[in-house]
1. Sum up the charges of everything whose Cβ sits under 12 Å from the Cβ of D36, counting Lys and Arg as +1 and Asp and Glu as -1, but leave D36 out.
2. With a ≥ b ≥ c taken as the square roots of the eigenvalues of the C-alpha gyration tensor of segment 18-57, please select rounded if a/c is under 1.5 and otherwise prolate if a/b is larger than b/c or oblate if it is not?
3. How big is the accessible area of L7 in square angstrom, nearest 10, if you roll a 1.4 angstrom probe over the protein chains?
4. Just for the Cα atoms in the chain, what are the lengths along the principal axes, largest first, rounded to whole Å?
5. Over segment 12-75, give the accessible area per residue in Å² for a 1.4 Å probe, as an integer.
6. For G11, what is the net charge nearby, where nearby means another residue's Cβ is under 15 Å from its Cβ and Lys, Arg count +1, Asp, Glu -1?
7. Probe radius 1.4 Å, ligands and nucleic acids ignored: give me the carbon and sulfur share of the accessible area of the chain as a rounded percent.
8. Under a point-charge model restricted to the Cβ atoms of Lys and Arg (+1) and Asp and Glu (-1), what is the dipole moment magnitude of the chain relative to its Cα centre, in debye to the nearest 20?
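The values are calculated or read from the model by the stated rules, or taken from the named source; none is laboratory data. All values derive from a computational prediction rather than experimental measurement. With ideal geometry, Cβ positions are generated from the backbone for all residues, glycine too; neighbour counts draw on all protein chains shown. We work out accessible area using only protein heavy atoms, side chains counted, and drop any ligands, DNA or RNA first. Shrake-Rupley method; radii C 1.70, N 1.55, O 1.52, S 1.80 Å.
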Amino acid sequence: MDEIKELVSKGQKSLDDGDFNAALGYFEQALLLNQDDPDLWNHKGVALRSLGRYEESMECFNKSLEIDPRDKHAS
């Protein structure tokens, strides 16, 4: 679980730095470790949206909502 937190942390920092491709890579690695975490799908969606890949980002946000319909963070 710590590995996922570390990947998310690196992904968040990459987002903050404007390196959206790197952020996407970190979030995709985290998702390989846990496909059932709605937060990870949200993070990936944000990275994709930042890259202008809106259709893919919506798929991620929808996946997040499928996992947790009460997810208040889904955009």
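1. Values: positive: K63; negative: D37, D39, E66, D68.
The answer is -3.
2. Numbers: a/c = 2.49, a/b = 1.47, b/c = 1.70.
Oblate.
3. Taking all protein chains as shown, L7 has close to 20 Å².
4. 30, 30, 19
5. Numbers: 3870 Å² over 64 residues.
Accessible area per residue, segment 12-75: 61 Å².
6. On the way: positive: K5, K10, K13, K44, R49; negative: D2, E3, E6, D16, D17, D19, E28, D37, D39.
Here the count lands on -4.
7. On the way: 2200 of 4710 Å².
In the chain, the share of accessible area belonging to carbon and sulfur is 47 percent.
8. Numbers: 9 positive and 16 negative charges, 42 e Å.
For the chain, the charge dipole is close to 200 debye.
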